[in-house]
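The values are calculated or read from the model by the stated rules, or taken from the named source; none is laboratory data. Keep in mind that this is a model prediction, so the values were computed, not measured. Glycine also receives a Cβ, built like all others from the backbone with ideal geometry; neighbour counts cover every protein chain displayed. Quick note on the areas: whole protein, heavy atoms, side chains included, nothing else; ligands and nucleic acids left out. Shrake-Rupley method; radii C 1.70, N 1.55, O 1.52, S 1.80 Å.
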Amino acid sequence: MRIDTCFDDAARTKSKPVSFEMFPPKGEMSFEHAQEVARALAVEQPDFMSVTYSAGGSGNQGATAAIAQFIAQETHIPSMAHLTCISLFKDDLAVKIAELKAAGVANVLALRGDVPLHEASSSRPADFRYAKDIIPHLVEAGFCVGAAAYPEGHIACDDLARSIAHLKEKQDAGASFFVTQLFFDNIYFYRFQELATQAGITVPISAGIMPFMSKQQISRMIFLCGASLPAPVIKLLARWEDDPASLRAAGIEYACQQIEDLRAHGVDGLHIYTMNRADVARACMSAAR
Ligand code: FAD
């Protein structure tokens, strides 16, 4: 099933699509384990599930299409494969498209990917500079295409209005929905949503929520993506610093409060970064529904 249809149906019935994001096998995680994760997440009956793609050469890229195929065929939940273009040449994109088609994938989240630290800018291929550059190719190939959005602006773009203008370019290139980066203060999302509407963004924007699980995870995330850490989160991290189980519970509870508030404000959709954890999926789904 196409995800744009899923958003259209939800708009008609005044419901909010809830999606789960998982990562495919990597490191010591086997393909079978990833299948078990997908099955466990599917129990919560999200409206669709997305599978990340490694831009950084971890060798698991082929697994994204295979897990997306597994989700759609075995759990009957619509799936979406992420695809990054940072190190793709035109021929590579044709191969990727064929691979996704062969796996029966209907939906693709078109991304640039992060610039690998070890790669000098001069060694970067010029075929696809931004996510918007691959979107028309994917649309032409028949995929329903989504793209990434940044409520606080992308980390490499210090002007929110410019970041939103780049978003509009992705819509103009054919993206039919957006999924946002995580944020911990809903105020940023509401401000962003308003500015996006003013800038002519008309496609649905699904709000991305990731419960914090540990101090290390949160520090890594905020330096990677530039999301702000509001005082209530800092206080919870300080309070439960020496009690990992309570810290995780606090993280899930905080995310559920964010979800309830977003739902009350009528967001287009909710995208849960599950980190492959069924307990996170379960708690967030009960807050979302
Ligand atoms: P783009 O939209 O191409 O933007 C990249 C930068 O270029 C931004 O600073 C933007 O403002 C700027 N820009 C865009 N257009 C122009 C223009 N015309 N002129 C000048 N500047 C421009 N990464 C992965 O590796 N694998 C994943 O599976 C993955 N999944 C993700 C899922 C979501 C929901 C999100 C929000 C992010 C995900 N990422 C993933 C991270 C993503 O790859 C990075 O955030 C990356 O740095 C930017 O990707 P993008 O598609 O938004 O890039």
- Message: If a paramagnetic tag sat 7 Å from the Cα of H76 along the Cα-Cβ line, which residues of segment 8-42 would have the backbone N under 15 Å from that point?
- Response: 42
- Listed residues E99, E194 arranged by accessible area, highest first, probe 1.4 Å: E194, E99
- Item | the chain: C-alpha gyration tensor shape, a/c 1.5 cut-off, then a/b vs b/c | rounded
- Query: Given a cut-off of 15 Å, what percent of all Cα-Cα pairs of segment 132-173 lie beyond it?
  - Reply: 42
- Message: To the nearest 20 Debye, how big is the dipole of segment 5-97 about its Cα centre, given +1 on the beta carbon of each Lys and Arg and -1 on that of each Asp and Glu?
- Response: 260
- Scalar couplings 3J(HN,Hα) for segment 28-43 by Karplus 6.51 cos²θ - 1.76 cosθ + 1.60 (θ = phi - 60°), nearest whole Hz, x for Gly and Pro, are 8, 6, 7, 4, 5, 5, 4, 5, 4, 4, 4, 4, 5, 5, 5, 4
- Message: 5 Å is the cut-off here: which amide hydrogens, built 1.01 Å from N in the peptide plane, fall below it relative to S206, excluding neighbours closer than 5 in sequence?
- Response: F178, V179, T180
- Query: Heavy-atom accessible area per residue, segment 1-116, 1.4 Å probe: how many Å²?
  - Reply: 44
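Of the heavy-atom accessible surface of the chain (probe 1.4 angstrom), what whole percent is carbon and sulfur?
52
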- Message: How large is the accessible surface of V95 in square angstrom, using a 1.4 angstrom probe and rounding to the nearest 10?
- Response: 90
- Length gain on complete extension for the stretch A245 to K90, per 0.36 nm per residue less the alpha carbon to alpha carbon distance? 51.1 nm
- Note on the structure: In terms of the alpha carbon gyration tensor, root eigenvalues a ≥ b ≥ c, rounded if a/c is under 1.5 and otherwise prolate when a/b exceeds b/c or oblate, segment 79-217 is prolate
- Task: Give the accessible surface of segment 155-289 per residue, rounded to a whole number of Å², with probe radius 1.4 Å and ligands, DNA and RNA excluded.
- Result: 46
- Task: Between the alpha-carbon centers of segment 161-194 and segment 29-80, tell me the distance in whole angstrom.
- Result: 25
